[in-house]
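Reading through the structure tokens given below for one structure.
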Amino acid sequence: MSEHVTIVGAGHAAGLLVTVLRAEGYTGGIRLIGDEPHLPYQRPPLSKKLLSGEVGIDTVILRLREVYDTDAVDLRLNERVISIERGAKRLQLASGEHLDYQTLVLATGTRARPLPLPGAELSHVMTLRTIDECLVLQARLNAPLGRQYRLVVIGGGYIGLEIAATATKLG
């Protein structure tokens, strides 16, 4: 088996790791597994520039698919790892496929905590972590009916404050 690194997660850190590995001369195989359909991308613009429509998806993507192809990266997008067998050095994907690994990097990032309130499961209660969630929120903020409702942001962290500022700017 030839030397290879498997990266679980396809966010900013994972995308930069691929870049650094190749820049530092790593010639082994690289497999990148991510549960989203998108190439690794920057998350900070989601709550401001992408949400406001100032930039498009292509500007938040870290590298073009062709660059991953040139760097011989085995991209497994829209795949979710459901178990890791450390002793056997094996992953199981939601699709049922099993993958062996030599070196494993977990770069999955974080998830928003579920809101522990009644009604949190309703369709208009959202979190913002992914491009797809950003596009749904953007469409709702820009829809004619969207301007008839109030936006409530729970959480006064960086992302929440940027969403509030962007929504205010959009009217």
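The values are calculated or read from the model by the stated rules, or taken from the named source; none is laboratory data. Owing to the predicted nature of the structure, the values given are computational and were not obtained by experimental measurement. So basically every Cβ, Gly included, is an ideal-geometry build from the backbone, and we count neighbours across all protein chains shown. These accessible areas exclude ligands, DNA and RNA; they are computed on the full protein's heavy atoms, side chains included. Shrake-Rupley method; radii C 1.70, N 1.55, O 1.52, S 1.80 Å.
Filtering segment 57-87 to residues that are hydroxyl-bearing (S, T, Y) and surrounded by fewer than 15 Cβ atoms within 10 Å (Cβ to Cβ) leaves T59, T70, S83. A count restricted to segment 153-168 and to residues that are under 17 Å from A112 (Cβ atoms), open to solvent by 60 Å² or more (accessible area, probe 1.4 Å) and at pLDDT below 90 stands at 4. Restricting to segment 103-128, count the residues that are part of a loop (DSSP other than H, G, I, E, B), out of contact with any Gly (no Cβ under 8 Å at 6 or more places or on another chain) and at negative phi. The qualifying residues number 17.
Considering segment 29-65 alone, what residues qualify as being in contact (Cβ under 8 Å) with a residue 60 or more places away in the chain and closer than 22 Å to Q102 by Cα? Hits for segment 29-65 are R31, I33.
Here the condition is being modelled with pLDDT of 95 or more, of a type in the set (D, E, K, R) and either open to solvent by 50 Å² or more (accessible area, probe 1.4 Å) or in contact with a helix residue (DSSP H, G or I) (Cβ under 7 Å, 6 or more places away or on another chain) (or both); of E3, E24, E54, it holds for E24 alone. Considering the conditions (1) in contact with a Leu (Cβ under 6 Å, 6 or more places away or on another chain); (2) farther than 21 Å from V8 by Cβ, V81 is excluded by exactly one of them, (2). When the residues of segment 126-146 are filtered to those that are surrounded by fewer than 13 Cβ atoms within 10 Å (Cβ to Cβ) and more than 16 Å from E36 (Cβ to Cβ), the one that is nearest to the chain's Cα centre (by Cα) is A139.
Kindly indicate whether any position in segment 82-101 is polar (S, T, N, Q), assigned to a helix (DSSP H, G or I) and over 26 Å from A165 (Cβ atoms). No: zero hits. On the given criteria, is L93 in contact with a Lys or Arg (Cβ under 9 Å, 6 or more places away or on another chain), farther than 30 Å from G171 by Cα, open to solvent by less than 40 Å² (accessible area, probe 1.4 Å) and touching a residue at least 40 places away in the same chain (Cβ under 8 Å)? So L93 passes the test.
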